[in-house]
1. What is the extension gain from Ala197 to Val212, computed as 0.36 nm multiplied by their sequence separation minus the C-alpha to C-alpha distance, in nm to one decimal?
2. What list of ³J(HN,Hα) couplings, whole Hz, do you get for region 16-21 from phi and the Karplus terms 6.51, -1.76, 1.60, once you set θ to phi - 60° and write x for glycine and proline?
3. For the chain, what does the helix formula give at 222 nm: sum of -39500 (n - 2.57) over DSSP H segments with n ≥ 4, over the residue count, nearest 500 deg cm²/dmol?
4. Given a Förster radius of 30 Å and the C-beta distance between Asp235 and Glu355 as r, what FRET efficiency does 1/(1 + (r/R0)^6) yield to the nearest 0.05?
5. Going 7 Å from the Cα of Ile242 toward and past its Cβ, which residues in region 187-223 have a backbone nitrogen under 19 Å from where you end up?
6. How much of the accessible area of the chain, in percent, comes from carbon and sulfur atoms when a 1.4 Å probe is used?
7. Once amide H atoms are built 1.01 Å from N in the peptide plane, which residues 5 or more positions from Gly13, or in another chain, come under 5 Å H to H?
8. Over the Cα atoms of region 277-399, each weighted equally, I'd like the Debye log10 I(q)/I(0) at q = 0.11, 0.13, 0.20, 0.21 Å⁻¹, rounded to two decimals.
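The values are calculated or read from the model by the stated rules, or taken from the named source; none is laboratory data. Just so we're clear, the structure is a prediction, and the values are computed from it rather than from any experiment. Glycine gets a Cβ as well: all are built from the backbone with ideal geometry, and neighbour counts include every protein chain shown. We work out accessible area using only protein heavy atoms, side chains counted, and drop any ligands, DNA or RNA first. Shrake-Rupley method; radii C 1.70, N 1.55, O 1.52, S 1.80 Å.
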Amino acid sequence: MKDKKLLVAISGGIDSVVLTELLYKLDYNISLAHCNFQLRGLASNQDEAFVNALAGKLQLSIVTKKFNTKAFAKKEKLSIQLAARELRYNWFAFLLQEYKFDYLLTAHHADDNLETFLINLSRGTGLDGLLGIPEQNQNSIRPLLPFSRNQIEQYAKANNITWREDSSNSETKYIRNKLRHDVIPALKEINPQFLEAFSNTILNLKETQKIVANSVNTIKQKVIVSEKKGIVKLDIEALYKIPHSNAYLYELLKEYNFTAWNDIYKLLTAQSGKFVLSNTHRILKDRKHLLVSPIDCNSEPNFYSVDSLQKSIRTDSFEFSVTPVSSYSTKINSNMVFIDSDKINWPLTIRKWQEGDYFYPFGMQGKKKLSKFFKDKKLSVIEKENCWVLTSDAAIVWVIGYRLDERFKISESTTSILQLKISEK
């Protein structure tokens, strides 16, 4: 680590000041970053002045930033604590990239770890939530995690280290502070070695988590049918055959930010079309499968116009191209068709299909509603939602990726041919 460029998050409190002093004495290549959340008036500015003075004394580079935390929390509808956390780590991520730091170091310690464990426990969590704070998470490292708050205080006093006290830490209106001042002291009174026992429990849970991860990876091979275009398809019948299927379903889906787990478990026996939402994903019951797909917060247009001079159109799902050609292939290709150029009128339109749409499927007699066509092809709800059509005037030329319309096919009298092609992203 001596050859790495390190950014230390410093508040001015005892933990981050001790971490800074230790790294300085050990001659690490460190710079400091301080967030002024402007939540405590003059005291917040005094914290900033203190860390600037410390950086000057140690001859370390420092960068500070003031945040309008209350305004951000109101705008994003977050608690003050969550708003401060988001502002802090977004800024740290920017600094790491902008100034090419190798790692961010924070001063979390063993008592912080216990508080996080209890917070997650009180809110309801799986095994991952009981593992506490990781010592390293990607490029974030927490060197003081093995040490207690008491050990840090003893070191600071023995080495005449000064720090700033945050008065808000004594308030019990925040759950973390209430645990710190009311709950954890009671636990330590019951067992003076409680923190050491807790650390051993965390180690045991981490070993258990490895066993669970291996088991889940094995089950994943049996349950997940496919993963493409961001959509994960799970086989319900395969899930039923697995003992403790709800537990495995939780492990398979926890990364998608779901919280309504009882509703998800009920999807296994629900009617097709039922779904559950998280803030980022949807899980949908579709016949014999559960389909997990991202929620598109920035939904793309449902309509694109293609004039005769355009060579291609790029959508969020695929790239569409139209090319004049002198010959064509009769081989069936779902992503490429050939049409008689004289049978269309420009501009063409690419749009999402709609209820009531019909076309004349290539190779068949008569017209067919798209809803019936989709049903015959046994398309999932998500596949139907993502289906596009190419139209000329009001007539469907191509159900894109599925079937050409009979009315626009190449015939013996065709003199001008167009190749229509999509390239999936």
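1. 3.1 nm
2. 3J(HN,Hα) across region 16-21, in whole Hz: 6, 5, 4, 4, 4, 4.
3. Value at 222 nm, helices only, nearest 500: -11000 deg cm²/dmol.
4. Efficiency, rounded to the nearest 0.05: 0.50.
5. Backbone N within reach: 208-223.
6. 50
7. Long-range HN contacts for Gly13: Arg164.
8. -0.47, -0.65, -1.34, -1.42
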